[in-house]
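First comes the structure, then the notes that go with it.
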Amino acid sequence: MEEMVRIDLRAGTHRFESLPEAYRFLGGRALTSRIVSDEVDPTCDALGPSNKLVLAPGLLSGTVVSSSSRISAGAKSPLTGGIKESNSGGNTGWRLAQNGLRAVVFEGRAEQWQIVIIGKGSLTLEPAGDLVGLDTTETAARLFERFGKKAALAIIGQAGEQLMNVAGIANTDPEGRPTRLNARGGMGAVMGSKRVKAVVVLDPGPNVTPIMFDLPAWRSESKGYVKEIATSPAIDRYRKIGTAGTLELVNKLGGLPIRNFSRGQDAATESITGMQMAETIKARGGQNSHSCMTGCAIQCSNVWVDEGGKEVASSMEFETNTLLGANLEIFDFDAIAQFTRNCNALGVDTIETGGAIGVAMQAGLIKFGDVEGVLDIFRQMREGTVLGKLIGAGATTVGRVLGVREVASVKGQVMSAYDPRVIKGNGVTYATSPMGADHTAGNTIGAKLDHLDPKGKVELSKEFQITSTILDIFGFCNFARAVYGTSAANMRAMFEARFGEPMSEADVRHMALTTIRTEVAFNRKAGLGPATDRIPEWMREQALAPHGATFDVPDEELDRIWDTD
Amino acid sequence: MGHGLTIHLEVYLPFREQRLWRGDETVPDGMTAGALPALLGLTEPELAVLVNGRYVPPETPLRTGDDVAVLRQAEGGA
């Protein structure tokens, strides 16, 4: 039987429920957004007891098939004011699905901080007292001591406890590092508002998987998909240079955020290229290939170590290296690794935090390039000073408070490492995704076409957004998109093997479009009208060097993106 | 018959025993963006060729003075 569990934190009770028929074929983003849409008042206070936090693995999660057990966290976002689905790796999704759960719904607000312990058919609430105030690393260490290292953890750090908009939910990787975040949109603040410090998902035993309608068919079809992953040149690059190699590409395209999105290219970035990172990690004895979840064969993650070979941070990603590096005019991997370590420990989104610090630098609060100044900001965030809380509120709030107009955000969420004036397909994604400026909603950088030309970018973004939504629903990593062209049939067949129901290409597309339209409808009721589906005005006015580009996709095209199938 | 054309070339992957190779390169007249990696002996799949900071169709002829970058196709974090 497919189940979900609902936790009333105010009452301290819970109940397991059979998954309603209407939710039977919804997973990941489709399920979190449907539950939020069905049950949360769009006008509610995102940090109040009426909001609900939903965790949901994908439809096909729960086995060790490569990169198939992502975890979706959904709620009304305190950052955007709209609906949010934030997606993460780590082992939480895998363990929840192994325990037979399709969703966990957190309702109300506890009087005291809680730990939620989930097993097969069991759920327990325990006081979190001794964990309050601890960072994610120490929290994870204490929980593993109590519950064993085979458990998966979803926890918040001090940022989530302080209800910061930049706070995410930190999920543990196969070695137990709490470094895989549902980062975007303040889902950690929503979890903190419920007074849930940690979710512990217990190991149900060896080789436990969700019930398969046709296990031999599942094994056969998943083999086809895994073979694609194992042999695809497009996937192989992630094992060589991770995501970090995107930096040299976007820099050469002239769309890399430098100095708070004021330039698109800088020769100084040569010290933080993916090639440089891979060489340094290899020379120091770190890990250039690493799985963020059990069974992942893509292995885009890495482990950065210092000159003495001691682990500093996992993982160093392109977006992190840009928003906490180039965007702050800090071209030093060791400094960026320290920032990443701080972000992981606090439990915050590296993109939103880097964007907020960039705006603060533009206001003159600290100087661009000031490594010690950035480290002091992290200290202030931990301690909860006024400055720390200001940065923790996100880039848009920093801009409003400090009088900076040049904030690269949509719906209050900062853009990631692709300037929309150059990577215009991503600009369309930023503007039209119900998630706010989030490249993972539809990252068009993989298209080999002229990104500067505004023509066709709405259709391009739309197709990427649909594919990303499909992958989010199934539970697959976005990088599976590299083999989606050849594996889509495998994935549909895996669905049929799992559930015993047919799934056509049109069905999958319909499922994604329905999800997106449900989210748009929630946003409209929350007060986020079409005027919020826009790239900021200053990015239509201020030309970006070296191409002198502005964002020039017509508004009317943006407004029509979801009108047709 | 021409004598070839000279482009400003950057190669962002191991090439001529360097991690990042940069310099002027003379290539045959009529050389296209899509054919350039093979001419340089770069056999790695999934390469991106940018001409003056933009993707161009592979059949696009290169011109003297073009800034051409050869990189690994890549995509950021999920």
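Quick notes on this one:
- Residue within the range A:90-103 that is out of contact with any Pro (no Cβ under 9 Å at 6 or more places or on another chain) and surrounded by 24 or more Cβ atoms within 10 Å (Cβ to Cβ) present: no
- B:LEU20 vs. criteria without any contact (Cβ under 8 Å) to a residue 60 or more places away in the chain and within 11 Å of the chain's Cα centre (by Cα): no
- When B:GLY53 is tested against (1) at the interface with chain A (Cβ under 7 Å from one of its Cβ atoms); (2) under 10 Å from the mean Cα position of the chain (by Cα); (3) not aromatic (Phe, Trp, Tyr), just one condition goes unmet, and that condition is (2).
- Each residue in the range B:30-46 was checked for being modelled with pLDDT of 95 or more and either closer than 23 Å to A:ILE423 by Cβ or surrounded by 14 or more Cβ atoms within 10 Å (Cβ to Cβ) (or both), and 9 of them qualify.
- Residues located in the range A:304-341, provided they are in contact with a strand residue (DSSP E or B) (Cβ under 8 Å, 6 or more places away or on another chain), assigned to a loop (DSSP other than H, G, I, E, B) and of a type in the set (A, V, I, L, M, F, W, C): A:MET316
- Residues that are touching a residue at least 60 places away in the same chain (Cβ under 8 Å) and in contact with a Leu (Cβ under 8 Å, 6 or more places away or on another chain) within the range A:271-296 comprise just one, A:ILE272.
- Residues located in the range A:405-419, provided they are assigned to a loop (DSSP other than H, G, I, E, B) and either aliphatic (A, V, I, L, M) or closer than 12 Å to A:ALA356 by Cβ (or both): A:VAL407, A:ALA408, A:GLY412, A:MET415, A:ALA417
- The number of residues in the range A:521-565 being surrounded by 19 or more Cβ atoms within 10 Å (Cβ to Cβ) and in contact with a His (Cβ under 9 Å, 6 or more places away or on another chain) comes to 0.
- Breaking point among (1) surrounded by fewer than 21 Cβ atoms within 10 Å (Cβ to Cβ); (2) facing chain B (nearest Cβ under 10 Å); (3) closer than 30 Å to A:VAL65 by Cα, for A:ILE298: (1)
- Meets criteria (assigned to a loop (DSSP other than H, G, I, E, B), modelled with pLDDT of 95 or more and surrounded by fewer than 24 Cβ atoms within 10 Å (Cβ to Cβ)) for A:PRO174: yes
- Residue pairs meeting the criteria (Cβ under 6 Å; at least 6 apart or on separate chains; first more than 7 Å from every other protein chain (Cβ to nearest Cβ), in the range A:442-454; second surrounded by fewer than 19 Cβ atoms within 10 Å (Cβ to Cβ)): A:PRO454/A:ASP552
- Selection over the range A:192-227 of residues that are of a type in the set (D, E, K, R), under 30 Å from A:GLY48 (Cα atoms) and part of a helix (DSSP H, G or I) gives a count of 0.
- Any hit, the range A:228-236, residues being in a loop (DSSP other than H, G, I, E, B), in contact (Cβ under 8 Å) with a residue 60 or more places away in the chain and within 11 Å of chain B (Cβ to nearest Cβ): yes
- Single residue of A:ILE466, A:ILE473 found to be more than 9 Å from every other protein chain (Cβ to nearest Cβ), out of contact with any Phe, Trp or Tyr (no Cβ under 6 Å at 6 or more places or on another chain), in a helix (DSSP H, G or I) and surrounded by fewer than 21 Cβ atoms within 10 Å (Cβ to Cβ): A:ILE466
- Within the range A:35-138, strands (runs of 3 or more DSSP E) holding 2 or more residues that are modelled with pLDDT of 95 or more and under 30 Å from A:ARG534 (Cβ atoms): A:53-57, A:71-76, A:83-88
- Filtering the range A:398-411 for residues that are within 14 Å of another protein chain (Cβ to nearest Cβ) and touching a Phe, Trp or Tyr at 6+ places or on another chain (Cβ under 8 Å) leaves an empty set.
- Selection of the range A:118-135 for residues being closer than 28 Å to A:ASP45 by Cβ and out of contact with any helix residue (DSSP H, G or I) (no Cβ under 6 Å at 6 or more places or on another chain) yields A:ILE118, A:LEU123, A:LEU125, A:GLU126, A:PRO127, A:ALA128, A:GLY129, A:VAL132, A:GLY133, A:LEU134.
- Every residue from the range A:405-458 that is hydrophobic (A, V, I, L, M, F, W, C), under 19 Å from the mean Cα position of the chain (by Cα) and under 23 Å from A:THR269 (Cα atoms): A:ALA408, A:VAL414, A:MET415, A:ALA417, A:ILE445
- Of the residues making up the range B:56-78, those that are in a loop (DSSP other than H, G, I, E, B) and more than 10 Å from chain A (Cβ to nearest Cβ) are B:GLU59, B:THR60, B:LEU62, B:ARG63, B:THR64, B:GLY65, B:ASP66.
- Tallying residues that are at the interface with chain B (Cβ under 8 Å from one of its Cβ atoms) and among the basic types (Lys, Arg) within the range A:241-264 yields 1.
- Filter result for the condition that a residue is among the acidic types (Asp, Glu), more than 15 Å from A:THR172 (Cα to Cα) and surrounded by fewer than 17 Cβ atoms within 10 Å (Cβ to Cβ), over A:GLU85, A:GLU111: A:GLU111
The values are calculated or read from the model by the stated rules, or taken from the named source; none is laboratory data. Keep in mind the model is a prediction, meaning the values are calculated, not measured. Neighbour counts run over all protein chains shown; Cβ positions are idealised from the backbone, glycine included.
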